[in-house]
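All remarks here apply to the structure that follows.
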Amino acid sequence: MTGKSKNVKKSEPTVAVQSKNEVTGTGFVVKIAVASVVFFLLQTLAHRGIEQALGSSHVFEETEPFFTIENFMDDADINELRNFLYEKRRFVTGLDAFSDDRGIEHIGEGVDADENGNCPKDLYRTEQGNCFIPGRFDIGKHFFLSGGLTGAKETYEKLLSSIYAYYGILPKDFIDTSAILQRLFERPQYVEAMDTLCRNHGQEDYYFKPTQVNIVLVTPGQDLPLHYDNGWFWGANRFTIPDYLTVAMTTSGLWDHLKIRQAQSVVYLHGSEEEPVFKHGGNYVFYPDGPGGKMRQLVPKRGMGVIMDGGQIPHGGQRIAEHVNVANHGSKDQFHRVEYQSNDTWYIMNDDDIISVVNTDDLRLSFVWRGLCFDSKEHADTYDSYPEIPLEEILDTFEADMKKRGVLPKNAPRPPPKEFAHTLIKTYISMPPQNVHNSLPFNYCILSKEYPWLKTILSPFCTDVQEYKRLNDELPPARPFCGGRMSTNCPEE
């Protein structure tokens with residue numbers, strides 16, 4: 001018995017050690033490794049599947065030219081332009097900044113705002129009280145679905161408060177009369193860039209006709225979403241048709257024979273000589289090889305210039321100060337703006353409410369001008385008198401092409417205007433699907449907009465907007481500003 005007992009005691013540890021080896025040994029490690037590889041492959045496939053569903057894989061046949069110029073603008077000229085900020089005092093969103101010179105703004109879906117000034121779902125209100133699909137709905141759609149260039153996982157209400165850039169418009173003749181710009185135009189790097197962008201098939205000369213000159217302010221917590229600039233054509237532009245149609249006309253290639261070359265220049269005004277790099281990040285992101293090509297990034301530095309055809313190259317700006325949980329900006333239909341007070345202090349305002357305060361040093365500032373390239377001034381002078389392409393003709397062309405592609409049933413009538421506009425945008429305007437963090441390019445938090453019951457379920461994984469807070473009782477009254485869509489504390493009213 002004693003001998004057998006000893007044998008049992010000897011065998012038990014042996015069995016235990018073998019069991020432990022099975023759990024912690026080479027076989028287990030291999031299983032974990034295989035499982036990890038399978039999980040990685042599934043995650044990669046899901047990632048790529050979402051990219052294909054939300055973005056475009058199209059790559060240009062040739063890389064579109066772009067130019068970066070260090071120290072393009074000197075410090076004295078930067079400071080002179082920055083003085084414009086304090087003189088202008090009020091900067092508004094693009095919806096208001098570019099509303100005065102619009103022509104046709106919708107394709108038939110437009111309605112009046114209700115008695116409370118509100119618009120139906122997916123329609124935005126203008127200064128005149130009309131509701132329609134916003135001209136750059138294509139930008140917002142991609143931004144909300146993808147979470148923007150940071151791949152944010154945020155609710156619709158949160159992202160709606162992170163999509164604002166503010167514009168101060170300068171007269172177009174500023175390009176011809178400004179000594180600052182004349183000095184820039186003489187720089188060899190600028191001459192080379194414009195020669196490349198504007199010369200047509202080896203012609204000896206060209207004429208640049210400005211279409212827009214402005215200063216852009218972006219506050220902490222805000223994105224400048226990926227976008228194409230508006231397209232320009234003989235017979236069609238943002239003054240004759242909605243903005244998104246001009247973009248679709250470019251990306252579809254259906255009007256290439258009428259497309260006009262364009263050039264956009266950006267110069268950064270923020271920072272100082274000692275600290276030229278913007279302290280809150282917000283890289284400039286662009287895709288010169290097409291939306292399916294390689295992402296390029298530039299760190300925005302004071303005085304640096306970036307020149308390209310923004311109508312051809314998708315581009316945007318990474319979120320400023322990603323760590324900032326931006327204030328709730330309220331309804332999309334209200335009057336959003338920033339107004340200078342004094343001592344480098346700015347109020348972010350929503351109608352009569354002050355909702356946030358920022359310092360000049362916290363603003364990413366850029367000076368932007370864009371225009372069209374013609375063979376000569378005489379050639380440019382004929383543009384304004386060129387016959388417009390009727391809106392219905394443009395819509396008919398898109399409808400025929402979508403039926404040819406199988407997007408629309410061949411023998412069915414055209415869908416109602418709102419549905420047709422959404423189908424057109426989905427078909428022709430796709431942005432790059434990637435973000436700067438290479439994270440999942442689908443903002444699943446947006447699902448709670450359509451399915452509110454999901455908001456509680458997704459709340460651990462999603463950032464929601466803060467409670468709306470009016471700061472008027474905590475801060476000095478905003479300085480008076482009279483005029484525009486809405487006055488601020490104007491004594492004459």
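Rule-based calculations on the coordinates, nothing more; no lab input. Since the model is a prediction, treat every value here as computed from it, not as a measurement. We place every Cβ from the backbone using ideal geometry, glycine too, and count neighbours over all the protein chains shown.
Each principal axis of the Cα cloud of region 202-278 was taken in turn, and the coordinate range along them, longest first, works out to 48, 36, 19 Å. Each label point was placed 7 Å from the Cα along the Cα-to-Cβ direction; for D114 and R485 their separation is 2.0 nm.
When the P(r) is computed for region 134-204, the part past 15 Å accounts for 72% of the Cα-Cα pairs. The value of relative contact order for the chain, using C-alpha pairs under 8 Å at least six residues apart, is 24 percent. Computed extension gain for S272 through D361, at 0.36 nm per residue and net of the alpha carbon distance, reaches 31.1 nm. Annotation for Y383 and R470: the two label points, set 7 Å from Cα along the Cα-Cβ direction, are 4.5 nm apart. For region 180-201 versus region 360-411, the inter-centroid distance based on Cα atoms is 24 Å. Pairwise inverse Cα distances across region 67-183, averaged and inverted, put the Kirkwood hydrodynamic radius at 17.6 Å.
With bins 5 Å wide beginning at 0, the percent of Cα pairs of region 146-295 falling in each bin runs 1, 7, 11, 16, 19, 20, 14, 7, 3, 1, 0.
Find out how many positive minus negative residues lie around H280, taking Lys and Arg as positive, Asp and Glu as negative, among other residues whose Cβ is under 14 Å from that of H280. Before the final figure, lay out the partial values.
On the way: positive: K279, K301, R302, R319, R364; negative: D223, E275, E322, D361, D362.
Taking every other residue near H280 into account, the sum is 0.
By the Cα gyration tensor, region 109-167 has an equivalent ellipsoid whose semi-axes, rounded to whole angstrom, run 24, 11, 11 from largest to smallest.
Considering every alpha-carbon pair of region 264-351, the percent of pairs per 10 Å bin, from zero through the bin containing the longest distance, is 14, 32, 36, 18, 1. The Kirkwood hydrodynamic radius of the chain, based on inverse pair distances between different Cα atoms, is 25.2 Å.
Take the Cβ-Cβ distance between N411 and L254 as r, set R0 to 25 Å, and report the resulting FRET efficiency rounded to the nearest 0.05.
On the way: r = 22 Å, r/R0 = 0.87.
Step by step, r from the Cβ atoms, then E = 0.70.
So if we plug the beta-carbon distance of E87 and Y207 into 1/(1 + (r/R0)^6) with R0 = 30 Å, what FRET efficiency do we get, rounded to 0.05? Intermediate values should be presented prior to the final figure.
On the way: r = 31 Å, r/R0 = 1.03.
After rounding, the FRET efficiency stands at 0.45.
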